[in-house]
1. Tell me which chymotrypsin sites (Phe, Trp or Tyr not before Pro) from region 242-351 have a DSSP coil assignment and no more than 15 other beta carbons within 10 Å of their own.
2. Calculate the spin-label point distance for residue 360 paired with residue 140, positioning each point 7 Å from the Cα along the beta-carbon direction, and give it in nanometres.
3. Over the heavy atoms of residue 211, what accessible area does a 1.4 Å probe trace out, to the nearest 10 Å²?
4. May I ask you to give the percent of accessible area on the chain that is carbon plus sulfur, with a probe radius of 1.4 Å?
5. When the chain is fully extended, how far beyond the present Cα-Cα distance does residue 269 get from residue 5, taking 0.36 nm per residue of separation?
6. For the chain, just say rounded, prolate or oblate: build the C-alpha gyration tensor, square-root its eigenvalues into a ≥ b ≥ c, call rounded for a/c under 1.5, and beyond that prolate if a/b exceeds b/c, oblate if not.
7. Could you calculate the contour length gain from residue 423 to residue 43, that is, 0.36 nm times the residue separation minus the distance between their Cα atoms, to one decimal place in nm?
8. Would you work out the charge dipole size for the chain about its Cα centre, treating the Cβ of every Lys and Arg as +1 and the Cβ of every Asp and Glu as -1, and quote it to the nearest 20 debye?
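The values are calculated or read from the model by the stated rules, or taken from the named source; none is laboratory data. Since the model is a prediction, treat every value here as computed from it, not as a measurement. With ideal geometry, Cβ positions are generated from the backbone for all residues, glycine too; neighbour counts draw on all protein chains shown. Heads up: the accessible areas ignore ligands, DNA and RNA and are worked out on the full protein's heavy atoms, side chains in. Shrake-Rupley method; radii C 1.70, N 1.55, O 1.52, S 1.80 Å.
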Amino acid sequence: MDGRELSLPVRPLDARAAGLAVVHQNLGLVDDHTVWENVRLARYQAARFSRRIDGKAERAAVAAVLARLGANVDVNERVGELSAEDRAAVAVARAMQDHRDGGGLVIFDESTRAMSKQARGRFFDLVRGVIDDGASVLMISHQLEEVVAVTDRVTVMRDGLIVEAGIPTKDIDEAGLTRLMLGRHIGAQNRVDSVATPAPAATVRGLNARSVRHLDLDVKKGEIVGLTGLVGSGAVAVAEAIGGARSAQGGTLTVNGKTLHLRKRRDSSADFIAVGVAFVAERRLEQGLAGEMTVTENLTLPRVKARGGRFRTGGAWQAQETAAMIEKLDIKPPDPHKTVGTLSGGNQQKVLLGKWLAGQPELLVLHEPTQAVDVGARSDIIEAIRAAARDGCGVLISSVDAADLAVLCDRVLVFRQGTVVAELAEDMTQDDIIHATFEPAGDAQADAEQPADDTELNVKGVAR
């Protein structure tokens, strides 16, 4: 680092002294601590004799770093209560606080995975500022659009080996990177015909969740419904309440003729699972998987009690169920005894999805299902979700990824300040979703009255 040799593995104190900082994919935050405590962890400045920590000074230092990032985050807020975008900002702030102009290396490992398109733009402005000050940046990403747009050179790895090194990104496009990553070409994902039937898969009535008030929602069997909006719009709160991941202030969910009460989680997660509701969480290792357990143990965990008996866990059914999911989702390596924490992010996501698909749910609720996965895993996950819909499962997807929603969903509900401001269906495009998400509420009617050509031009302009 800048002429200084570091032994591997690099010790954290040595890395900091050499100007090496890392923003890890799982962020490495402590949910029950505040923002300033997370940023200043292991960096507290204590008084010489009393060893007392000056909390006021520490909070001011963190506020200054966040301001430099353009992040509007309360330093006294508990990290566990933050949005995914703000959590990412806290992790970036922790890495950037020691940065010194004129040198150093900052490693970003999927650091933008939870950010909206607008927030990613601000993030890359910051990255360019760091580079202009003399630092170098190593960006690890599955977002090929970002790789091509932001980086100078790219090295492609596959199965632990370097396929190509130091390719100037001006000489390659996303399709070329895909071929190098996978060893094959993947065609563009396109919309397919809806397989929804008139029969209801789930009925939500009077849902009150955070800013959302009195929401009624029907999801048909085989229907894929998208929920989207800016941070704090209410889309995530709705998905988490319906999936049983977070209590609501009121409302009911009816599945298979059985009604669950969403107010303050009067019904447990086991009750949601029992009626056929499955929730695929965004933060897979923290909320959806046991990283120290095997693929088999994770895939079959929700059904161990029902199928394994009171005193016995295991049996032929686990091996059969695991083999079927490994084949269906193309989980790699295809080793049922592999510890999940050692898998790539894409294969961890497949295990999490397979864990619930194996139970044949009536309603599948997913939060950012393709976040931080490679293009091959994304294709496999999209096909698995479509297959679940073809089998009659109702699907609810909360995501800020307009491309995924446009490809997967029969209709998309756009939230703003707790209210559904637009419902898109049929021939919707990625641009339509972006337009509806960012369009000021008062402009919707005005745009609707414009000629078709003008409307198309407006959509394209917002997308750029």
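1. Numbers: sites: 272, 279, 311, 317; in loops: 311.
For chymotrypsin sites (Phe, Trp or Tyr not before Pro) across region 242-351 that sit outside H, G, I, E and B with at most 15 neighbouring Cβ atoms in 10 Å, the list reads 311.
2. 4.0
3. Accessible area of residue 211: about 50 Å².
4. Values: 11380 of 23110 Å².
Carbon and sulfur atoms account for 49 percent of the accessible area of the chain.
5. Values: separation 264, 0.36 × 264 = 95.04 nm, distance 5.10 nm.
Result for the pair: 89.9 nm of gain on full extension.
6. Working: a/c = 1.39, a/b = 1.29, b/c = 1.08.
Since a/c stays below 1.5, the shape of the chain is classed as rounded.
7. 132.0 nm
8. Numbers: 56 positive and 64 negative charges, 446 e Å.
It comes to approximately 2140 debye.
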